[in-house]
Amino acid sequence: MGTLKLTQIAKQSIKAGDVGYLITGVKTAVEIKVGDTITDALNPTQHRIDGFEDVKPMVFAGIYPVDTDEYEELRSSMEKLQLNDASLVFVPESSAALGFGFRCGFLGMLHLEIVQERLEREFDMTVITTVPNVSYHAFSNKHPEVPVLVNNPTDLPEPSKLNRVEEPYIKASIITKSDFIGQVMSLCIEKRGQITNQTYLTPERVELTFEMPLAEIVFDFYDRLKTVSKGYASFDYHPIGMKASKLVRLDILLNGTVVDALSSLIHTDNAYHIGKKMCEKLRQLIPRQQFDIPIQAAIGAKIISRETVKALRKDVTAKCYGGDISRKRKLLEKQKKGKKRMRQIGNVEIPQEAFMAVLKLND
């Protein structure tokens, strides 16, 4: 322990006003948190400094390296980033579609974009970010009072074992011009919000208070709020706890295989609409193969939407200039069998743009 001048000067004590340093036996910087009370091990203080809380991530997303060989390099980059961004939380996870990566917690969508941008600029890491979501509580029929934390949609129990799902709610405060009340209220109601208060601060300015699910503001709420209010709206929110909701897990199947990176938890009323949009978007982005690729949106075992990426086909009947139709039919049947066999063993590569497009589905 000591003070900092041009060099480190050791002292027995440092007082208020000194710019000091402290050398501890801590091996990793992650173990030190802002607000920790430093005390003597032999004579510990009875009163710690209160008022500091651990950072609570509001949005969760998976970050994976494009090249799976860069996993350790990505871990090192994330640890360095965490040194000057204490609000970043991450744990290792693996995905059947994307390999090894990290489940990361962010303060919001802007924080997610900043982290992704810094990884690319400062550490030259090209990463894939999965669909952002929030943390849910699931309750099983066996233990209806014990909550199971669900950060990843794949962790949700099967529908037959599921009792209910609770999602985090927020109290949102929006201050805008009185001209835009109708458009702002329509947007919030569309996002499953319930208005709780409306106060006129001045004849021209009004404050609207809503209770709404945190998941609904994760994607594009702030952008759309600025659009409908022509920029004249401020938005603030704070969490108010968990409430039960009708949520289902929407899975995307490519060629009959579930792509867990594209799974998401969605309210029942929006499931069909979002599933249809995801299938249409993926059909445009996935390159054509030598075989048909079915793209399906499913809730449990029920398929709710389907699109097909058509196969690239060779004109096998071009050499038949005439003669019996059965010759052409025989060649087409042979081609059909080959395509069917190819589909059984074929792998579908998902381009990075497909993952980014799913993030921006509501644009």
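The values are calculated or read from the model by the stated rules, or taken from the named source; none is laboratory data. Model, not experiment: these values are computed from the prediction. Glycine also receives a Cβ, built like all others from the backbone with ideal geometry; neighbour counts cover every protein chain displayed.
Of the residues Gly20, Gly105, Gly2, the single one that is touching a residue at least 12 places away in the same chain (Cβ under 8 Å), touching a Pro at 6+ places or on another chain (Cβ under 6 Å) and surrounded by 15 or more Cβ atoms within 10 Å (Cβ to Cβ) is Gly105. Among the residues making up region 50-67, those that are outside any loop (DSSP other than H, G, I, E, B) and modelled with pLDDT of 80 or more are Ala61, Gly62, Ile63, Tyr64, Pro65. Name the single residue that is surrounded by the most Cβ atoms within 10 Å (Cβ to Cβ) among those in region 110-153 being of a type in the set (Val, Ile, Thr) and under 20 Å from Asp69 (Cα atoms). Looking at the filtered set, the residue picked out is Thr130.
Of all the criteria given as (1) touching a strand residue (DSSP E or B) at 6+ places or on another chain (Cβ under 9 Å); (2) on the phi > 0 side of the Ramachandran plot, the one not satisfied by Leu112 is (2).
Scanning region 51-76 for residues that are farther than 30 Å from Gly241 by Cβ and out of contact with any Gly (no Cβ under 8 Å at 6 or more places or on another chain) yields Val66, Asp67, Asp69, Glu70, Glu72, Glu73, Arg75, Ser76. Look at region 54-81: where a residue is among the hydroxyl-bearing types (Ser, Thr, Tyr) and a partner is outside any strand (DSSP E or B) and crowded, with 19+ Cβ neighbours inside 10 Å, sitting 6+ places away or on another chain with Cβ atoms under 7 Å, you get Tyr64/Leu98; Ser77/Leu119; Ser77/Met125.
Rundown of residues vs (1) out of contact with any Lys or Arg (no Cβ under 7 Å at 6 or more places or on another chain); (2) not assigned by TED's automatic domain parsing to the domain that holds Asn84, yes/no style:
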site: Phe123; (1), (2): yes, no
site: Asn141; (1), (2): no, yes
site: Pro144; (1), (2): yes, yes
site: Pro147; (1), (2): yes, yes
site: Asn151; (1), (2): no, yes
site: Lys171; (1), (2): yes, yes
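Of everything in region 28-53, what is within 26 Å of the chain's Cα centre (by Cα) and touching a residue at least 40 places away in the same chain (Cβ under 8 Å)? Give them in sequence order. Val30, Lys33, listed by residue number. What single numbered condition from (1) part of a loop (DSSP other than H, G, I, E, B); (2) surrounded by 19 or more Cβ atoms within 10 Å (Cβ to Cβ) fails to hold for Glu158? Exception for Glu158: condition (2). The criterion of being within 23 Å of Phe106 (Cα to Cα), in contact (Cβ under 8 Å) with a residue 40 or more places away in the chain and of a type in the set (Phe, Trp, Tyr) holds for Phe235. Among the candidates Glu79, Glu70, the residue that is in a helix (DSSP H, G or I), farther than 20 Å from Glu113 by Cα and under 22 Å from the mean Cα position of the chain (by Cα) is uniquely Glu70.
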